[in-house]
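The values are calculated or read from the model by the stated rules, or taken from the named source; none is laboratory data. This is a predicted model, so every value here is computed, not measured. Neighbour counts are summed over all protein chains in view; Cβ atoms, including those assigned to glycine, are modelled from backbone coordinates with ideal geometry.
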Amino acid sequence: MQDNPAAGSVRSDLLERLKALDTSTASDGLAELAYRRAREALERALEEARAIRLQAIEDARATREREMTALLASMRNLRAAADAQAQQVVREAELQAERCRNETAAESRKIVEQAHADAAAIRDEARAIHESAVAIRAVAEAKQAEVEAIEANFNRAVEAIARRLGIAETPPHGWWAHLVRDR
């Protein structure tokens, strides 16, 4: 990592001051000793500042890693919660669909049962109508046979009367039809 420019200018400023002290008191041994001690103290301070800065950078990186790990764990938890919620929604939809199928099947069975009951009622009614029609037809055929018998008896009787009266010509369809058609 590079040093901070502000720290670099402070450092160079302190070195310049120490050099200025060095040139003005170069002959004095005590001043040189103080200069060396000050220089060593400055270098130690700069080294400590560098170590502190590196430690701060390392702490920031570790903090970012912890935050990233916590964020990833939170995202995993959110995803798990979303998956659980989606599964719950799917289960509820499946239950609702099953209920709808059951209700529809029950309604279908009721409709089919009602249709069968209606068909049976219509079939019974049709059978009764058919039986009634057969009975009416039998009665009608009996009445027709009776009318034909009466007509045949009438025709024989009128023919016998016509022969006694001397009428030799008989109508082709019988006397009853001749009398009824002519009117």
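Some points to look at:
- Residue check, Leu54 touching a residue at least 24 places away in the same chain (Cβ under 8 Å) and touching a Leu at 6+ places or on another chain (Cβ under 9 Å): no
- Among the residues of region 144-183, the ones that are exposed (fewer than 11 other Cβ atoms within 10 Å of the Cβ), of a type in the set (Gly, Ala, Ser) and assigned to a helix (DSSP H, G or I) come to 3 in all.
- Region 137-166 residues that are in contact (Cβ under 8 Å) with a residue 24 or more places away in the chain and assigned by TED's automatic domain parsing to the domain that holds His178, paired with ones that are surrounded by 11 or more Cβ atoms within 10 Å (Cβ to Cβ) and not in a helix (DSSP H, G or I) (beta carbon under 9 Å, 6 or more apart): Glu151/Gly174
- Test: residue in region 77-92 that is of a type in the set (Asp, Glu) and within 30 Å of Gly8 (Cβ to Cβ): no
- Residue in region 134-141 that is small (Gly, Ala, Ser), closer than 30 Å to Leu179 by Cα and in a helix (DSSP H, G or I) present: yes
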